[in-house]
Amino acid sequence: MKCCKDREDSMGYKTIICPIDGSELSEKAEDAASYISKISGAKLILLNVVEKWYRSAHLVTDSTEWQNIHTNWLAEGKGILEKEAGKLKEKGVKDVEAVLKDGDAAHEIIALAIEQKADLIIMATHRYSPVGKFFMGSVTDRVTKSSPCPVLWVFK
């Protein structure tokens, strides 16, 4: 289709990062990312981050139970990535990569964007109020402030 060809030439994206967690909201971000990836021909990197506070639980107790919990969270993240990458390939996204990280989500997203020389990050946000951000923090807000590339927010 000619219109898509024209869009491909004008978009110029080569690498898109889309953090996912398996939620309905992250699926909306993934849909936007897959659409832009398909029309631009960009590589789409799906990222799942196991937050560092889960990992630091062993500081409270150095038990095998906490290690097992952490291992299970990593396995869950890997499962989400494999499932979603498979769905995107079926939908026609040509270049999909799945990356699992362990640590602070905002830091890992930004680090991957720098490492991969990403052109765009597409991520879901819950639209916390200023008070909600104060108490809950906002990964999206932190990524947007420190990102080396544009960040597209997908809302509820």
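Scan region 24-46 and tell me whether some residue there is touching a helix residue (DSSP H, G or I) at 6+ places or on another chain (Cβ under 8 Å), among the hydroxyl-bearing types (Ser, Thr, Tyr), modelled with pLDDT of 85 or more and under 19 Å from Thr125 (Cα atoms).
yes
Of all residues in region 73-113, count the ones that are closer than 12 Å to Val143 by Cβ and either in a helix (DSSP H, G or I) or aromatic (Phe, Trp, Tyr) (or both).
Looking only at that region, the number is 9.
The values are calculated or read from the model by the stated rules, or taken from the named source; none is laboratory data. Since we're looking at a predicted model, the values are computed, not measured. Heads up, the Cβs are rebuilt from the backbone with ideal geometry, glycines too, and the neighbour counts pull from every protein chain shown.
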